[in-house]
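Read the structure below first, then the notes.
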Amino acid sequence: MHELSIGSAVLDTVVRHAAGRRVEVVYLRVGALRQVVPESLAFWFGLLARETVCEGARLEQELVPARLRCDGCATAWAAEVPAFRCPACGGAAVAVEQGEELEVESIDVQEARCTA
């Protein structure tokens, strides 16, 4: 259900930056460690966007895979399962390099039409 609050935050950000212009596409980067269900987020975003400049906008989600790095031996690896031990040395002091992103990358808006 946290997709509802994420969708609301994304919508607020996009509406603010759209400055009254109709939004056609929202490009969002979502890290795998955020545990977001893409279909659920798209559903809530669409529902929340009704009667705003984002109504009918397409939500394009880029999933950013989790990537970890061992502080002990500097090995970096893609984390496909939530195991936070270095596969090279077994060390548990690891840092997340990517996978926690949740950001509006960009938006496509309709250009204002000239009435000349």
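If you check G56 against the conditions, is it at positive phi and small (G, A, S)? Judged against the criteria, G56 is a match.
Scanning the stretch 11-39 for residues that are over 13 Å from the mean Cα position of the chain (by Cα) and free of Cβ contacts under 8 Å to residues at least 40 places away in the same chain yields D12, V15, R16, A19, G20.
Just so you know, all these numbers are worked out from the coordinates, no wet-lab data involved. Nothing here was measured: the structure is a model prediction, and the numbers come from that model. Counting neighbours? That spans all protein chains shown, and the Cβs are built from the backbone with ideal geometry, glycine included.
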